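Beneath this line is the structure, given in structure tokens, with notes to follow.
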Amino acid sequence: MNGSLWDGVVDGLRDRYRCIVPELPFGAHHTPMPDDADLSLESIATMMATFLADLDLNNVTLVCNDWGGAQLVVSPGGSDRVASLVLVSCEAFDNYPPGLPGRLLCVNAALPGGTFISVQLLRASWIRHLPFVFGGMSKRGVPDDIFMSWIDPARHNPKVRRDLNKYLRNVPKKKLLIKWAKQQRSFRGPVLIVWAREDKLMPPAHAKRLVEHFDNSQLVWVDDSRTLIPIDQPEILTVHLREFLAKHTS
């Protein structure tokens with residue numbers, strides 16, 4: 001995915017808040033990373049922490065959906081620039097890669113030409129709407145123009161596919177994921193957990209665990225949505241974000 005995932009939400013926040021949407025090297029990025037770039041999960045979290053420092057951003061509210069990297073930016077990424085977290089139906093604890101879609105991506109990445117074949121197959125709407133592909137992630141369905149912008153870079157640029165494969169081939173061990181999760185409990189800022197009640201990829205039980213995991217947290221449920229709440233229910237998500245930001249930011 002790329003930053004277009006957040007278009008509907010940013011439109012509802014930009015009148016009052018500065019919204020920055022970094023494009024991470026997950027296969028929808030247009031500019032390939034350097035050949036020697038380390039694109040493991042931990043390295044991308046550290047990259048995000050460096051990004052905040054390079055832009056000299058402080059008191060950041062870090063928001064993520066699907067990818068659980070926001071939690072990793074505070075630990076092991078080590079950023080002290082994050083004041084609050086918003087976790088929107090995302091990877092948590094040892095749910096990585098998440099569910100059948102995540103495991104299929106990693107298996108394909110391990111096969112010669114597997115990622116190339118995968119992104120070509122996703123051009124067909126009937127394939128991407130299958131329950132074990134994107135049909136299990138969105139109830140509304142990702143609009144065609146947005147979805148094609150997600151897969152076109154990987155379809156056409158072998159270096160973008162190389163970057164995606166680097167990420168997918170470096171899955172941390174479950175033991176390490178749990179260790180990182182325990183480290184994140186030291187975060188003392190406010191945490192908003194927004195979870196799709198019908199999520200099949202990110203277990204709703206994890207939302208309840210996250211409330212207990214962070215000392216200063218609150219949980220809100222979103223109905224009629226799956227993992228991609230910014231696609232399925234952008235207006236509802238925006239309302240929850242505005243309420244949270246009004247309470248916890250100046």
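The values are calculated or read from the model by the stated rules, or taken from the named source; none is laboratory data. The structure displayed is predicted, hence computed values, not measured ones. Using ideal geometry, Cβ is built from the backbone for each residue, glycine included, and neighbour counts are taken over all protein chains shown. Side chains are part of the model used for accessible areas, which takes the heavy atoms of the whole protein and leaves out ligands, DNA and RNA. Shrake-Rupley method; radii C 1.70, N 1.55, O 1.52, S 1.80 Å.
Miscellaneous remarks
- For Val63, residues with placed amide H under 5 Å, excluding near neighbours: Val86
- Reachable aspartates and glutamates, given that their alpha-carbon falls under 15 Å from the alpha-carbon of Lys166 and they are not under 8 places away in the same chain: Asp35, Asp36, Asp38, Glu42
- Whole-Hz ³J(HN,Hα) from phi, Karplus 6.51 cos²θ - 1.76 cosθ + 1.60, for region 205-221, glycine and proline x: 4, 5, 4, 5, 5, 5, 4, 6, 5, 9, 5, 10, 9, 9, 10, 10, 9
- Equivalent ellipsoid semi-axes - Cα gyration tensor, the chain, angstrom: 27, 21, 18
- Accessible area of the chain belonging to carbon and sulfur atoms, whole % at 1.4 Å probe: 54
- Cα-based convex hull volume of region 149-250 per residue, rounded to whole Å³: 158
- In Hz, Karplus ³J(HN,Hα) per residue of region 15-20 (6.51, -1.76, 1.60; θ = phi - 60°; x = Gly, Pro): 5, 10, 10, 7, 10, 10
- Shape category assigned to region 1-41 from the gyration tensor of Cα positions, a/c cut at 1.5: prolate
- To the nearest ten degrees, helix 41-54 and the longest principal axis of the Cα atoms of the chain are 60 degrees apart.
- C-alpha center-to-center spacing [region 17-37, region 131-174] in angstrom: 13
- Accessible surface computed residue by residue for region 57-207, with neighbouring protein chains in place and a 1.4 Å probe, gives 45 Å² per residue.
- A straight chain from Asp54 to Arg169 at 0.36 nm per residue would run longer than the Cα-Cα distance by 38.6 nm.
- Residues in region 234-250 carry Karplus couplings, in order, of x, 5, 5, 4, 4, 4, 5, 5, 5, 5, 5, 5, 4, 7, 10, 10, 9 Hz; the curve used is 6.51 cos²θ - 1.76 cosθ + 1.60 with θ = phi - 60°, and Gly or Pro positions show x.
- Over the chain, Cα pairs under 8 Å with separation of 6+ residues give a relative contact order of 26 percent.
- Projecting the Cα positions of Leu111, Val194, Pro22 onto the charge dipole of the chain (unit charges on Cβ atoms of Lys, Arg, Asp and Glu, taken about the Cα centre) puts Leu111 furthest along the positive direction.
- Computed on region 1-127, with alpha-carbon pairs under 8 angstrom and 6+ residues apart, the relative contact order is 16 percent.
- Radius ratio Rg over Rh of region 38-136, counting only Cα atoms, Kirkwood formula for Rh: 1.06
- Under 12 Å from Lys139, Cα to Cα: aspartates and glutamates that are on another chain or at least 8 residues apart: Glu198, Asp199, Asp223, Asp224, Asp232
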